[in-house]
Amino acid sequence: MKYLPIEKELFIKNRQNFAKHLKPKSIVVLNANDIMPTNADGTMGFKQNSDLFYLSGIDQEETILVLFPDFPDEEFREILFLRETNPEIEIWEGHKYTKEEATEASGIQKIFWLSQFEKTFNTLMMEAEHVYLNTNEHIRAEVRVESRDARFIKTCQERYPLHRYERLAPILYHLRAIKSEQEIALMQKACDITEKAFRRVLQFVKPGVMEYEVEAEYIHEFVRNRSRGFAYEPIIASGKNACVLHYLANNKECRNGELLLMDVGAEYANYNADMTRTIPVNGKFTERQKQVYNAVLRVKKEAYTMLRPGNVIKEYHKEIGKLMESELIGLGLLDKIDVKNQDPQHPLYRKYFMHGTSHHLGIDVHDVGNVYRRFEQGMVFTVEPGIYIREENLGIRLENNIVIQENGIFDLMRHIPVEVEEIETLMHTRG
Ligand code: GLY
Ligand code: MN
Ligand code: MN
């Protein structure tokens, strides 16, 4: 891992809070993610299972975490099973956690090698009534690949058919939606790295640069600051490409007079930033670009006031829709009378603003949570309004990451330039 060690108290507290949500006599099993194959003998980089990381801080393949908070023998209430290293692994892959290091990272005292799993698990199961297992229940997940957790569910249910099986996801989604101070500090770090890279890009962009050259500037700055890299596939979209919401090609020239939309965020210690900025390629907005830009910025600022405890996504998005409607009328893109007569199920603003304004952010970019749950202190959301005008080859989105607090929000991207004048001034001082 490139990131600095995380204080284990984060994971100790996470497990303590988690245990309160379990039924008596419950055992919990979480598996690491697989290292995903590509082709031939190729693999993707390892990405830890978010829930396993949240409860243990262990960032290594093949790990299994077993929790049994009221097991009679106190020593066996928290156990980590790890891949045991050997000289071959040392030579080809390098260092793996020692037992002492795993305890230091997680706060878990009982560390076993994987070879001890079956016997130990069987002993524990004989005292358990409920078995909590993990599935991906993100409402937009398209689950097509069988995870280690999914395979474990099958073998476990076959071997122990008479236990009562429970879903782990609702508990973890509930807990992970509220970020602790320590988590917010890690997210701040991801945002700060993103800021450094954005400032670098402001000095770099000029007519003639390629979108992929801009992408390279970001990754350079991210990795040299201990980030694994992009939190998600970066969108570097000049001119009309900005109207393609998931534009990933990043292979066009940035031309004089165009805007450049960049939706990029750094990952740090498995936490994510999710930023969007839109800048003029030549360093100066045209009047029309400025007009649309400031309309988006006003909606973003207004959205901050609605991200308060007690509000809920559906109501919030409805309010944002109204704001957007009036901005689009002001820009001459919608007609007041047409808006009055519109079908409320298909509001006209959707032609120019077709995505949501906010999503949870955390160990996952579209983080887990429940869309029907009212906003609470400690939730972290993106705020990302946009206006996309195909007929003008123009797309603008601005995206910050904020923490909901008792009275107003805390902006994790408060230092990242966003005002027209700031952007223009910084671009004019470039070499
Ligand atoms: N970058 C993904 C998103 O903004 O939701
Ligand atoms: Mn984004
Ligand atoms: Mn986002």
Original post:
Where does each of 410-422, 332-344 land if you order them by average Cβ count within 10 Å, highest first?
Top reply: 410-422, 332-344
Original post:
So how exposed is S115, as accessible area in Å² (1.4 Å probe, rounded to 10)?
Top reply: 100
Subject >> Solvent exposure, largest accessible area first (probe 1.4 Å, DNA, RNA and ligands not counted), of K47, K2 >> reply: K2, K47
**OP:** Report the trypsin sites (Lys or Arg not before Pro) located in region 209-297 that are in a DSSP loop and have at most 13 other Cβ atoms inside 10 Å of their Cβ, or state none.
**Re:** R224
**OP:** Can you tell me the relative contact order of region 327-419? Whole percent, Cα pairs under 8 Å, sequence separation 6 or more.
**Re:** 19
Original post:
So what J values fall out for region 134-151 if you push phi through Karplus, 6.51 cos²θ - 1.76 cosθ + 1.60 with θ = phi - 60°, rounded to Hz, Gly and Pro as x?
Top reply: 9, 10, 7, 10, 4, 5, 9, 6, 9, 8, 10, 10, 7, 7, 4, 4, 5, 5
**OP:** Of the DSSP beta bridges with both residues in the chain, give the percent that are antiparallel, rounding to the nearest 5.
**Re:** 80
Subject >> Cα gyration tensor shape of region 185-317, rounded if a/c is under 1.5, else prolate or oblate by comparing a/b with b/c >> reply: oblate
Subject >> Rg over Rh, two decimals, the chain (C-alpha only, Kirkwood Rh) >> reply: 1.02
Subject >> Computed helical MRE - 222 nm, the chain, DSSP H runs ≥ 4 contributing -39500 (n - 2.57), nearest 500 >> reply: -10500 deg cm²/dmol
**OP:** In whole Hz, with x marking every Gly and Pro, tabulate ³J(HN,Hα) for region 413-422 from phi via Karplus 6.51 cos²θ - 1.76 cosθ + 1.60, θ = phi - 60°.
**Re:** 10, 4, 9, 8, x, 9, 6, 3, 5, 4
Original post:
Which chymotrypsin sites (Phe, Trp or Tyr not before Pro) in region 334-382 pass both tests, a DSSP loop state and at most 12 other beta-carbon atoms within 10 Å?
Top reply: Y372
Subject >> For Y165, residues with placed amide H under 5 Å, excluding near neighbours >> reply: V131
Original post:
To the nearest 10 degrees, how steeply does helix 211-223 sit against the main Cα axis of the chain, on a 0 to 90 scale?
Top reply: 40
Original post:
Using alpha-carbon positions, what is the distance between the centroids of region 9-37 and region 379-393, in Å?
Top reply: 36
Original post:
How much of the accessible area of region 168-234, probe 1.4 Å, is carbon plus sulfur, in whole percent?
Top reply: 54
Original post:
Å³ per residue of the Cα convex hull, for region 261-354?
Top reply: 135
**OP:** Enter the mean projected area of the convex hull around the alpha-carbon atoms of region 392-431, in nm², rounded to one decimal.
**Re:** 4.6
Subject >> Stokes-Einstein diffusion coefficient of region 1-121, Kirkwood radius over Cα pairs, 25 °C, 0.890 mPa s, in µm²/s >> reply: 160
Subject >> Magnitude of the charge dipole, region 180-318, Cβ model with Lys/Arg +1 and Asp/Glu -1, debye to 20 >> reply: 480
Original post:
Taking the alpha carbon gyration tensor of region 277-425, what are the square roots of 5 times its eigenvalues, largest first, to the nearest whole Å?
Top reply: 25, 21, 12
Subject >> Simple Cβ-charge dipole of region 322-431, Lys/Arg +1 and Asp/Glu -1, about Cα centre, in debye nearest 20 >> reply: 300
Subject >> Separation between Cα centres of region 113-161 and region 63-80, rounded to whole Å >> reply: 15
**OP:** Using the heavy atoms of the protein chains and a 1.4 angstrom probe, tell me the accessible area per residue for the chain in square angstrom.
**Re:** 48
Original post:
Given just the C-alpha atoms of region 229-279, how large is their convex hull per residue in cubic angstrom?
Top reply: 71
**OP:** Grab the alpha carbons of region 328-407, take their convex hull, and tell me the volume per residue in Å³.
**Re:** 141
Original post:
What number, in percent, do you get for the relative contact order of the chain if the mean sequence gap of Cα pairs under 8 Å and at least 6 apart is divided by its residue count?
Top reply: 14
**OP:** In vacuum, with every alpha carbon of region 364-414 counted as one equal point scatterer, what does the Debye formula give for log10 I(q)/I(0) at q = 0.26, 0.27 Å⁻¹? Two decimals, please.
**Re:** -1.04, -1.08
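The values are calculated or read from the model by the stated rules, or taken from the named source; none is laboratory data. These numbers come from a predicted model, not from an experiment. Note that we place each Cβ from the backbone using ideal geometry, even for glycine, and neighbour counts take in every protein chain shown. Only protein heavy atoms, including side chains, enter the accessible area calculation; ligands, DNA and RNA are left aside. Shrake-Rupley method; radii C 1.70, N 1.55, O 1.52, S 1.80 Å.
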